[in-house]
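Before any comments, here is the structure.
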Amino acid sequence: MNLEQVLDVNTKNIDSLINSIPNVEFEKVSHHGHRILDNWDDLLILGDNLKILKALLNNKNIYKRVNLIYIDPPFATNQSFSGSEDRTATISRSLNDEIAYHDTVIGTEYLEFLKERLILMREILSDEGSIYVHIDLKMGHYMKILMDEVFGRNRFINDITRIKCSPKNFARKGYGNIKDMILFYSKTKNYIWNEPRKKMGEEEIARLFPKVDRDGRCYTTTPLHAPGETKNGDTGKEWKGLKPPPGRHWRCSPKELTRLDGEGLIEWSQSGNPRKIIYADEARVNGKKMQDIWEFKDPPYPKYPTEKNLDMLKTIVNASSNLGDIVMDSFCGSGTTLVAAEILGKHWIGIDTSKAAIKISEVRLKKQKNVSAFTVLKEKGLKV
Ligand SMILES: C[S@@+](CC[C@H](N)C(=O)[O-])C[C@H]1O[C@@H](n2cnc3c(N)ncnc32)[C@H](O)[C@@H]1O
């Protein structure tokens, strides 16, 4: 199969894809925690996510009810990842280490592997749902095209650059690589979004809000106009004898400008130029908008190879799901997404094909304070 065929999602319609996947039955391995409010057990499932996603499509409590999916699949590195109680590593493993998982599906086969799973994930997502795909710089651009095909180019929201480690100074004929990427797509236009805000430090506040008013409040000012001319709308109209500068429009309607001025939230320069006042106390409370370059370095001593940063997952879970929603990670590894969801009061479903991953996830989740009820399942026939 060549790249064009892989990327052409219509080559396989969903029904024939689903029919081509073997059915799976589940066996219960263990149960933990207590049900609190509703009739729901979170799920940790050992097995191949393709078959498991197909089974979940037939579950009416799950089909179109998952509001957030985060995946951090293998990156086609052609390596095996191993670990033991006290260390994790790539191929250079010690004799006591066990293989955690193999990352040996590469090339177009890798893209086909992900495409089939992404199609099933899209079907499982609710109409308010969204998906974050964590991927590295080598596969990231192929994944962008694949995601455009599966979810639609118009459902692309962000390509987040994630700073993953401290600068590297290895001898390499090239720049150090300290970032990977997270592609954020939604299923429809109407997706859950709880604006994440970043706390501002006092030093930053002092730098950005250098002015002081008569009451001693620190503030700064920003332009009241933005690029782009409005031909017919309100924001192109004259206000207090002023038109927006050429090539620009007012940020809000003249009526709103009058309201802001009435509340003393506009500063007029000596030459008669109005600017919006923003107080430092507001920034202290509200923080600042989060941008698309994130610094969330991975844990220095991970319990599982490729374990991701818990605060990063908390940010994603908070932004893109509400209390009691279902969050899914179908390549869950050590369960970082599930732990974030558990801490933040969401339901969760985790799937992984590695026994080591399921074991570590189970231990991590059991340790959470007042952990809600969860069941560990496995594909029938698999040994734990
Ligand atoms: C990069 S790791 C995920 C790490 C995770 N984000 C964490 O914080 O620990 C990728 C995981 O995908 C799992 N995996 C690979 N192929 C899979 C498949 N077909 N079904 C389910 N899990 C799979 C691997 O076993 C591995 O644990």
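See the values below:
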item	result
Backbone N under 16 Å from the residue 38 label point (7 Å along Cα→Cβ), restricted to the range 173-199	192
Point-to-point label distance, residue 292-residue 206, nm (Cα→Cβ direction, 7 Å offset)	3.4 nm
Which of 371, 363 has the fewest Cβ neighbours within 10 Å, and the rest in rising order	363, 371
Whole-Hz couplings from phi, Karplus 6.51/-1.76/1.60, listed for the range 361-375; x for Gly and Pro	4, 4, 5, 4, 5, 4, 6, 5, 4, 6, 4, 6, 4, 9, 10
Gain in span if fully extended, residue 31 to residue 188, counting 0.36 nm per residue against the direct Cα distance	53.0 nm
Residue 266 long-range amide H proximity, modeled H, under 5 Å	277
Computed log₁₀ I(q)/I(0) - Debye formula, equal Cα scatterers, no solvent, the range 95-147, q 0.12, 0.13, 0.21, 0.23 Å⁻¹	-0.38, -0.44, -0.88, -0.98
Fully extended contour minus Cα-Cα distance, from residue 255 to residue 158, at 0.36 nm per residue	31.6 nm
Under-5 Å amide H pairs with residue 66, H placed in peptide plane, nonlocal only	126
Residue-by-residue Karplus 3J(HN,Hα) for the range 109-121, coefficients 6.51, -1.76, 1.60, Hz, glycine and proline x	4, 5, 5, 5, 4, 6, 4, 4, 5, 5, 5, 5, 5
Extended-chain gain in nm, criterion 0.36 nm per residue less alpha-carbon gap, residue 375 and residue 169	69.7 nm
Rg in Å to one decimal, and Dmax rounded to a whole Å, for the chain via C-alpha atoms	25.0, 80
Length-normalised contact order for the range 202-288 - Cα pairs under 8 Å, 6+ apart - percent	32 percent
Long-range tail of P(r) for the range 202-288 (Cα pairs > 19 Å, %)	44 percent
Loop sites in the range 144-203: trypsin sites (Lys or Arg not before Pro), DSSP, at most 16 other Cβ within 10 Å	168, 172, 173, 189, 199
Relative contact order (%) - the chain, alpha-carbon pairs under 8 angstrom, separation at least six	27 percent
Fraction of beta bridges assigned by DSSP in the chain that are antiparallel (%, nearest 5)	65 percent
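Values quoted throughout were computed directly from the atomic coordinates according to the rules given, and no laboratory measurement underlies them. The shown structure was predicted, so the numbers you read here are calculated from the model rather than taken from an experiment. Because the Cβ atoms are built from the backbone with ideal geometry, glycine has one as well, and the counts that use them run over all protein chains shown.
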